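Comments concern the structure below.
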Amino acid sequence: MNKYEEVELLLVEDSEEDAELTLRALRQRNLVNQVHHVQDGADALDFLFARGKYSHRDINHHPKVVLLDLKLPKVDGLQVLTALRADERTRSLPIVMMTSSKEDRDLERAYELGVNSYVVKPVDFDQFAKAVDALGMYWTLVNESHRP
Amino acid sequence: MKRSVPRAPWQRGPVGAAITCALVAGAILALDKYIALGVATGVLYVVVVLLALQTRRRGFVLLVAAGCSVLIGVGFFVSAPLGIPWQVLANRSLALAVVWVVAVVGLRRNQAEGRRIRSEESLRAIVDTAPDGVVTFGEDGRLLSINDAGAALFGYRSEEILDEKVSRLVPELRGTAAPTKELEGERQDGTTVPLEVAIGETRLPDGRCWYTAIVRDISERKRSERELLARQRELEATNRDLDGFSYSVSHDLRAPLRAIDGFAKVLDEEHAAKLDQDGRRVLGIIRKNAGKMARLIDDLLAFSRLGRRRVRSSPVDMTELATDVLEELRALENGRTIEPSIARLPQAVGDPALLRQVWVNLIGNALKYTRGRDLAVIEVAGEHSGDENSYVVKDNGVGFDMQYADKLFGVFQRLHSPKDFEGTGVGLALVQRIVVRHGGRVWADARPDDGASFHFTLPTAAARGEGVRDEQV
């Protein structure tokens, strides 16, 4: 079986360190078994649309939630968001934006583009874990993902 | 501008006039006696009255008219009878009437002319003393008159420029009435001068047009405008720089900070066993400082962001706002006995979010610095006076030494050790900045260990001269 079929959370994060901390938090809570980590926006889109190096993936198997960083190389967070919302197949995919910026224009823009929620990466690890924690629990337990 | 005109003998003062009139009257009397003229004689006395009218002295004219009347009567007896007595009488009466009619009409006209001349003189005085240039010209563009200010503005003497075309002074000037607009003028020395010009049109009875142009030199104003624009551009550039800087601080500084704290925690949680007690203490210090730095960054960013925000202007219910904030902050202070009181506060006009921040900082401080008290008493009150509303937050906390009061509102200034009370020292600086930009003042009063009161004022709507006005904080 295609190992990508079991992916429940797609983590799009360019910082190795931020990714490591996020993954630790998720693992600690035993939330998600299968997390796939990509490091830029282009890879994220390739994964979700099953193209490029992921063309053998079954496009109908979406992850339950996408954790998307705002600042990314190649294709940045807002661009990824726009692309996902523009396509019918991914329009209702739960997406949570992650960023260290509280700057208003980023927040407004992301909501305008259809993000489900927005989380500011806090510095204190506890809060950081709690934020991811809450997302993880919410999306995997509460939200019945709309599968086309 | 005086005119020198040759003066006739009867215009040379009262004595001259009297002598002339007497002479002419005498001549007419002689005529009367020796030549039978009848009515004509009386009519000749009109000449004397006309002469008298030239002196423009009412009294003299009346005297002369009376005198001539007498002479007409005298002539009746002196001259040779010329026909039927009642006819002669009628003639003389007619002559008398004519003399008086001329005198009265003449006097009236003199009066009217006098008024006209005075009015002309006062208008002339206005034009001559006006600081702006007043230029009149005809349809063909030729200058009819120019006042001193106008001539000086263009660098000419009035004689030099009269009769030249007005386009020599202001090339774009045409003979049409026009509302005020900005044009360029040309001085005698060839330099240009920015002008504000308004043209009025006067239609003469014969159909021709006269134009009056009021010309104002606005070089000073133009210079100020340019300076203001330059300064504005500078400010905008600085603001853009600051924006970029803040954004960079926000993202780039926080990322490594997250890693420091995050991995220190990992160390703590997963590898603590490998560390001895001192090792764990050191780790604690690392984490504590990472946290402190994060708060500093947050506070600095908030301070700078508020600094670039536009201050909105709307009515704010201060009582409701202060109560809300107090409730919110109080909820975080578990297990404490707090006795708050909020009196009715005068409504304010300003930016609700910014004013909320003021309350958060002041009430927050009151709560913080009363932590050592068994019973924390916090009072919020306000007063309205014509020009400004004043508000105060009083507490019974540790207070501070008034000696250092001027440091209170400085950025990162603290009068207590962070060991005793946490904080970055930006809160009051923020309060001051917000209040000052609303047009108010802020000050504090305290005694060590005997509580503190923080006051601030805000101008009332009336004092602000209301209309919604946006201001940079």
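The values are calculated or read from the model by the stated rules, or taken from the named source; none is laboratory data. Please read these numbers as outputs of a predicted model, since none were measured by experiment. Every residue, glycine among them, receives a Cβ derived from its backbone with ideal geometry; neighbour counts consider all protein chains shown.
Brief remarks follow.
- Residue-level analysis places B:K222 among those that are under 30 Å from B:E196 (Cα atoms) and away from chain A (no Cβ under 14 Å).
- If you check B:E388, B:E379, B:E383 for being over 28 Å from B:P448 (Cα atoms) and either touching a residue at least 12 places away in the same chain (Cβ under 8 Å) or over 38 Å from the mean Cα position of the chain (by Cα) (or both), only one passes: B:E388.
- The selection criterion, being within 27 Å of B:S167 (Cβ to Cβ) and either among the hydrophobic types (A, V, I, L, M, F, W, C) or touching a helix residue (DSSP H, G or I) at 6+ places or on another chain (Cβ under 8 Å) (or both), does not hold for B:D243.
- Residue list for the range B:314-351, filter: in contact (Cβ under 8 Å) with a residue 24 or more places away in the chain, surrounded by 12 or more Cβ atoms within 10 Å (Cβ to Cβ) and among the β-branched types (V, I, T): B:V316, B:T319, B:V325, B:I338, B:I342, B:V349
- Total residues in the range B:247-263, condition over 11 Å from B:M293 (Cβ atoms), surrounded by 16 or more Cβ atoms within 10 Å (Cβ to Cβ) and more than 8 Å from chain A (Cβ to nearest Cβ): 0
- Of the residues making up the range A:8-34, those that are at pLDDT below 80, touching a Lys or Arg at 6+ places or on another chain (Cβ under 9 Å), buried (at least 18 other Cβ atoms within 10 Å of the Cβ) and more than 11 Å from chain B (Cβ to nearest Cβ) are A:E8, A:V32.
- Members of the range B:400-415 that are assigned to a helix (DSSP H, G or I) and in contact (Cβ under 8 Å) with a residue 12 or more places away in the chain: B:M402, B:A405
- Answer residue from the range A:83-97, given it is in contact with a helix residue (DSSP H, G or I) (Cβ under 8 Å, 6 or more places away or on another chain) and outside any loop (DSSP other than H, G, I, E, B) and is surrounded by the most Cβ atoms within 10 Å (Cβ to Cβ) among those: A:M97
- Scope the range B:404-427; condition β-branched (V, I, T), at pLDDT below 75 and within 13 Å of B:N365 (Cβ to Cβ); matching residues: B:T424
- Residue within the range B:234-241 that is away from chain A (no Cβ under 14 Å), surrounded by 11 or more Cβ atoms within 10 Å (Cβ to Cβ), in contact (Cβ under 8 Å) with a residue 12 or more places away in the chain and in a helix (DSSP H, G or I) present: yes
Residue-wise test of (1) outside any loop (DSSP other than H, G, I, E, B); (2) closer than 14 Å to A:A19 by Cβ; (3) more than 14 Å from chain B (Cβ to nearest Cβ).
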| residue | (1), (2), (3) |
| --- | --- |
| A:H36 | yes, yes, yes |
| A:F47 | yes, no, yes |
| A:A50 | no, no, yes |
| A:L68 | yes, yes, yes |
